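Undergrad: One structure is given below, represented as structure tokens, and several questions about it will come after.
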Amino acid sequence: MTQSLSRNRRAFTLIELLVVIAIIAILIGLLLPAVQKVREAAARAKCSNNLKQIGLAMHSYADATQSKFPVGMHDDDGDSWCWRIHILPQIEQGPIYQALLAAGMWVPPNGGGQTNNGNVDGIPNSQANNTWANAAATKPLPVYVCPSDTLPDVSSNNYAKANYVGNSGNRNSWTSGSWNTCANPNGGQQNGILLYANNNDNTWVSRITEVTAADGLSTTVMVGEATSNKFATLGNTGDCSYPSWVGRNSGGCNGWRCQPALKLGDAGPGGVTAITLNMWKLNPTADESAASFGSLHSGGANFLMGDGSVKFVRDSITTTTYSAMMSRNGGEAVSNE
């Protein structure tokens, strides 16, 4: 009886095997987009959480400094620290902060030393030079990295990246100057929350109270995402535009000096080219892509607002609304888009 059953058993035919393989391939094809969507949703949520932590750190810093936010970047040339250094203790990176202090290249807020002409934050000018490199700056910090981004974690010059950059405003308040330099206009003209300290002698900071009621903390950008641009790509991670968390602008970069720490966003005042969201993707050959916020998320980017909330802003946002979100004191209305 057993032998009879064994003789009646047959293997799959070639056609049946091909049908099974085709069914499996179809199922994989159907499931893969769903898996990718879940993975991207998780990455976007992690990115949003990073920005929320940065927001808490910013407000904790402001609580300790008479409502002042940090300096955006300390100088317009050389190698300069940026706002991310200031909040290291608030994001539980005290040892790295202390390592930078020990290197003797950094003066903390109200930490003594020479105060140059009218520095409103109590910090001397950047003391920029080409010798401040420190091993601490080579360490990637997860809170500064978006999991969706594809730029390498460390630049070709061994500085760890950050995908979150400060908002220095739009160009509507400028009386002179070029968008791609740091030396002009000065921080007194910039209307964002994190400002360039850019004439070697003075530094500028903004206060919470400088975000006017008409602009609103909840509708004014403090920090946004950054990724590749025309000058910082997977194949080119030089320091001029590569967003390293220490700041770093490496003087002599032909104007591309502050983009590692600060960005702009506007509707193109005075007939100049608008600096829009995700220019690296929508207009990758434009020089202005180096000054624009952007991300690898599908359809937009995460932004930290002045009140500590996080919003996902879509690529379809109008240039008028986008520009209004960048100003802390312009009184522009921000529509719900």
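Undergrad: Filter the range 70-98 down to the residues that are of a type in the set (Phe, Trp, Tyr) and part of a helix (DSSP H, G or I), then identify the one that is modelled with the highest pLDDT. Show your work before the answer.
TA: Of all residues in the range 70-98, those of a type in the set (Phe, Trp, Tyr) come to 81, 83, 97.
With part of a helix (DSSP H, G or I) added as a condition, the list becomes 83, 97.
Details: Trp83: 91, Tyr97: 84.
Once the filter is applied, the top-ranked residue is Trp83.
Undergrad: Tally time: how many residues in the range 133-153 are within 20 Å of Lys46 (Cβ to Cβ) and at pLDDT below 90? Spell out how you get there, then give the answer.
TA: We begin by selecting, within the range 133-153, every residue within 20 Å of Lys46 (Cβ to Cβ); these are 139-153.
Then drop every residue that is not at pLDDT below 90, which leaves 139.
Qualifying residue count, the range 133-153: 1.
Undergrad: Output the residue which, of all residues in the range 212-240 that are of a type in the set (A, V, I, L, M, F, W, C) and buried (at least 24 other Cβ atoms within 10 Å of the Cβ), is modelled with the lowest pLDDT.
TA: First, pick out the residues of the range 212-240 that are of a type in the set (A, V, I, L, M, F, W, C): 213-214, 217, 221-223, 226, 231-232, 234, 240.
Subsequent filtering for residues that are buried (at least 24 other Cβ atoms within 10 Å of the Cβ) retains 221-223, 226, 232.
Details: Val221: 97, Met222: 97, Val223: 98, Ala226: 93, Ala232: 84.
Top of the filtered list is Ala232.
Undergrad: Continuing with the same structure: Kindly indicate the residue of the range 265-281 that is of a type in the set (Val, Ile, Thr) and at pLDDT 85 or above and also farthest from Met326 (Cα to Cα) among those meeting that condition. Quick ask: steps written out before the conclusion?
TA: So the first thing to find is which residues in the range 265-281 are of a type in the set (Val, Ile, Thr), and the list is 272-273, 275-276.
In the following step, the residues that additionally are at pLDDT 85 or above were identified as 273, 275-276.
Working: Thr273: 16, Ile275: 11, Thr276: 11 Å.
Out of the qualifying residues, it is Thr273.
Undergrad: Right, another one. Of the conditions (1) at pLDDT below 95; (2) of a type outside the set (Asp, Glu); (3) surrounded by fewer than 20 Cβ atoms within 10 Å (Cβ to Cβ); (4) closer than 20 Å to Arg44 by Cβ, Pro243 fails just one. Which one is it?
TA: Tallying (1) at pLDDT below 95; (2) of a type outside the set (Asp, Glu); (3) surrounded by fewer than 20 Cβ atoms within 10 Å (Cβ to Cβ); (4) closer than 20 Å to Arg44 by Cβ, Pro243 fails exactly one: (3).
Undergrad: Name the residues in the range 287-337 that are over 27 Å from Ala42 (Cα atoms), small (Gly, Ala, Ser) and at pLDDT 90 or above, would you?
TA: Ser323, Ala324, Ser327
The values are calculated or read from the model by the stated rules, or taken from the named source; none is laboratory data. Remember, it's a predicted structure, so these values are computed and weren't measured experimentally. Here Cβ is always computed from backbone atoms with ideal geometry, including for glycine, and neighbour counts include all displayed protein chains.
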